[in-house]
Amino acid sequence: MKKRNGGISGPRKKKNAERIKKLETEQPADERSVGIEALSAQTNGESRQRAANLDRRSYRGMFCRNGEQLSNDGFSSFEEWMACVHSGRPDERLQYRSMGSDIPSAGGFLVPDQFVAEMLDTGIENEIVRPRCTIWPMVSDTARAPGWDGADHSSSLYGGFAGTWLGEGETATEVDAQFRSIALTAHKLAVFTSASSELVQDSFLSFDSIMNDGLRNALSWFLDYAAINGTGAGQPLGLVNNNSVVSVAKESGQAASTIVWNNICKMYARMWPSGHQNAIWIANNTIIPQLLALTIPVGTGGSAVGPNIGHPVMKEDSGSFSLLGKPIYFTEKAQSLGTAGDIMYVDLSQYVMGLRKEIIIEKSNAVHWTSDKQAYRAIMRADGMGKWNSAITPKNGDTLSWCVTLAARS
């Protein structure tokens, strides 16, 4: 039985805790991270839909259907696979996955699917966009889907649905709906690093494990950064650069590098009505002092001439913050205080990201031959953009969007 506060009953909560413990000890890493988060979301009273969405956005959820198992190509772990790549020696398992060449530096090797899942599904926990946006698995270089080309609601919806009240015998005017193509192209994201031969050979820690963590975190970080700030030229089109963004102007006379209460109110008002259910705030850490000091006057203290008593605008609960009742996530990936994009209010369900199934890792000593270093490169391909081609012009009122930013205050 559900509790009145939206959580779950004691027996079910205990059962979920047991399932989480089992996942922690028995399941592969890619299943474990997503499964634990999904169960925790349910235990904490979040919707079942939210828990289901976490699984659909995982690598396994995108590319593994109907109980299909992901291949490890005969390797027991990613560390063993990396050690085989480091050795430079021929191996049938690597040759089977090679990019048309038996020489690693000439083509690189595809990471086995199971280890790609571990890398991407663990990395998703540190990202902002991918856990909340619409994900398309890309089985080719491009992916296309139809969308409505109808942001002007002044006379119709979705570019052609017009409602008309008809009297008896009257004839309606037919209007054609307008469509557009949403097209994603798999752009290449490459992460480079190097290490001395001594470090690879002599480290008392597993170099392969360290390399795994570094590549996973780097790919995750740069993918998330592009989803927020990307230009769309050879990379994803980020949130702040989409054509459908609404930018709220600063207040008259507002000082540089500040945020005031009216900024927040006006940003909230420009979100499309259906977007508030999923919307979150994204902001740079440099904004925290401004928001912590921001209050709503609610009266006077002690006497008619006493100081104003302010109600905090941003609330905190066990390290999690909210603004106007919606979660706010602070990240270095947002622009710094005073710059456009330092704070945004977004419904990430209206952002689509496409991922190719493969990750390629290459190793070569040719680049740093004179310094006896090993060079490594990891490559994945992805794209992203907003689903809308422009902001909505409503029947009445100001333009609305799924992504609302605050203009520069410099």
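The values are calculated or read from the model by the stated rules, or taken from the named source; none is laboratory data. What you see is a predicted model; the values in this text were computed from it and never measured. Cβ sites come from the backbone with ideal geometry, for glycine too, and all protein chains shown count toward neighbours. For accessibility, only protein heavy atoms count, side chains too; no ligands or nucleic acids. Shrake-Rupley method; radii C 1.70, N 1.55, O 1.52, S 1.80 Å.
Overview of values
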{"read-out": "Complete set of residues in the range 70-122 that are of a type in the set (D, E), at pLDDT 75 or above and outside any helix (DSSP H, G or I)", "value": "D73, D91"}
{"read-out": "Check on D342, modelled with pLDDT of 85 or more, farther than 30 Å from E80 by Cβ and open to solvent by less than 50 Å² (accessible area, probe 1.4 Å)", "value": "yes"}
{"read-out": "The range 212-271, subset in a helix (DSSP H, G or I) and in contact with a Pro (Cβ under 6 Å, 6 or more places away or on another chain), residue surrounded by the most Cβ atoms within 10 Å (Cβ to Cβ)", "value": "A227"}
{"read-out": "Long-range neighbours under 8 Å by Cβ, at least six apart or interchain, first residue on the phi > 0 side of the Ramachandran plot within the range 216-233, second surrounded by 22 or more Cβ atoms within 10 Å (Cβ to Cβ)", "value": "G232/G238; G232/M385"}
{"read-out": "So V298, is it in a loop (DSSP other than H, G, I, E, B), farther than 21 Å from G397 by Cβ, of a type in the set (V, I, T) and modelled with pLDDT under 95", "value": "no"}
{"read-out": "Selection status of K333, at pLDDT 90 or above and either within 30 Å of T185 (Cα to Cα) or not in a strand (DSSP E or B) (or both)", "value": "yes"}
{"read-out": "Scope the range 125-141; condition touching a Gly at 6+ places or on another chain (Cβ under 8 Å) and assigned to a loop (DSSP other than H, G, I, E, B); matching residues", "value": "V129, C133"}
{"read-out": "Flag for L348 being within 16 Å of the chain's Cα centre (by Cα), modelled with pLDDT under 95 and open to solvent by less than 40 Å² (accessible area, probe 1.4 Å)", "value": "no"}
